[in-house]
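For reference, the structure is listed below as C-alpha cells.
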Amino acid sequence: MRLRITMFLALWALISLGVSHAQGGDPASPAPAAQKALLLLQVEVAGTIRSGSAVIVQSGPEALALTSFEAIRGAAAIHALVPGRGLVMAHLDKFAPEANLALLKISVADLPSARLGDSDLLRPDDPVEMITAAPVEEGNLATAMTPLIRRGKVGNILNRPGGTVLQLLFDAALTDESTGAPILSTNSGDVVGIALSRASAGNDAARTAIPGNLAAAFGYDLAKASGATASVRVLDGSQAPVEGAPGQKKAPSNNWLGYVIAVACGLLVVGGVAAVVLRRGNKPPPFSVLPRLPEGVTMAFVDSEGNLLPMERDPIRVGRAADNDWPFNDSSVSNYHARIKKNKRGSGYEVEDLRSTNGTWVRERRIGGAEVIDPGTKVRFGKIEVLLMTRSQSTG
C-alpha cells in the first residue's frame, strides 16, 4: 500500500513539473504575481474580432490599463475580459501613435495592478518574461483566458527619438499574438516594457517592446512626463479613433465657435511666450550669484541659480525619480541618472553615470564610467548643470 502511495505521489510531482515547464513558470518566476493584473482584450475591427493583451497599472474606483496602440488601432469597440466579471467595455483614455501606446479605462473597482519598474536599469542579456493573454473562445467571443509565459532576455537597447526601444530574444518561437503583453524583469518582478506583435528582422523568437519608463511617463500622471515623452504627442481621449462605441455621441459642428477658440488659444500662447521671454530677461546668468558656505564647509554643490544641494549622504544619487537624493524634475534627466561620491583622498568627488539616456557631462565631455571632479568643476546631467564650488568662489 505504501509503495502505491509513493509511486502515485512521484507521478503527480512529475506531471506538475511538466505542466509548470510547459507554461514557462517556476517557483522563482515573478510571473504569477503579474498574472493577476493581466487582461485579455477583444477588439472589433471592420467586423472582425482580434485579441491582444493589457496590464492594469492603476486601480481604484476605475482601473487604468496599458497596452500597445497597434492592439486597438481602428477599433469600433474594445472589450476586456476581467476575471470573475467576464467581458466589460473598455474606453480609450489616451493614446500616442508615435510611441505606440494606449491607456484604457475600465469601470471596474479594486482590480489587482502591476508595478511599473525602471527600464533604464535594463542591460543586454538581462532575463525577462512575457505574459500573453491567450483567449479560450466559444465562437468569436472569449469566455476565459490562459496566461502564456515566455522566458527570454534583453537582446539590445536602441536609442530612438523620444526614448529607447527594447529588442527582446526569447527561448522559443512566438506563435501567439503578443501585442500589448507586459514584459517583466525576472530579477525584480516589475513590468519593464509593453510588447509589440511584430518580430525583429524576421526572427520569430524576437520581439520589440516599449520601455516601461516611456509607458509610465505616458500613463496615469502626465505631470511627471519625462524625456521619454518629450517628443511624443499625447492625444486626448476625446480624439480617440474608437468609433461606434456604446454611449459615444458626435459633437455638433460649429465652425464659428472653432475659430473663436483657435484665436483665443493663439492669444494665450503669444502671451505665455512673451511672459517667459520677459522673465528670462530679468534672470541673472547661471552661477553668477553663489551663496556663502556654512562655517566649516570648504566646498559644496550648487545648482545654476545658486541654491545649495543637500550633501548629508555619501554616495548621492541623482535622477528624476522622487526617491533620489537630488531629484530634478526635468525631461532630460533619467529616473536614476548618476551617482556622486567622495574620492578616497577626500579632496574632491567622483561622478558615475548610470547609463542615462542623455548622458552625464564633465568639462563638456560625456563620461562613460566614473570621473574625478575637482573643486570649481561643473557637471551636467542632461540639461541640468551643477557646480562644485569652493569658499573662495562665494559672491555673497
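The values are calculated or read from the model by the stated rules, or taken from the named source; none is laboratory data. Computed from a predicted model, the values in this text were never measured in an experiment. Don't worry about glycine lacking a Cβ; one is built from the backbone with ideal geometry, like all the others, and counts go over all protein chains shown. Side chains included, ligands, DNA and RNA excluded: accessible areas come from the protein's heavy atoms. Shrake-Rupley method; radii C 1.70, N 1.55, O 1.52, S 1.80 Å.
For the Cα trace of the stretch 48-162, dividing Rg by the Kirkwood Rh returns an Rg/Rh value of 0.98.
Suppose R0 equals 45 Å. What FRET efficiency, 1/(1 + (r/R0)^6) with r the Cβ-Cβ distance, do K383 and T143 give to the nearest 0.05? The partial results should precede the final answer.
Numbers: r = 52 Å, r/R0 = 1.16.
Given R0 = 45 Å and the Cβ-Cβ separation, E is 0.30.
Residue ranking by accessible heavy-atom surface, 1.4 Å probe, largest first, among Y336, Y349 comes out as Y336, Y349. When peptides 59-68, 42-51, 285-294, 119-128 are sorted by average Cβ neighbour count within 10 Å, with the highest value leading, the order is 59-68, 119-128, 42-51, 285-294.
Placing +1 on the Cβ of every Lys and Arg and -1 on the Cβ of every Asp and Glu, with nothing else charged, gives the stretch 290-381 a dipole about its Cα centre of roughly 300 debye. Taking the accessible area of the stretch 44-193, probe 1.4 Å, and keeping the other protein chains in place, the carbon and sulfur fraction comes to 50%.
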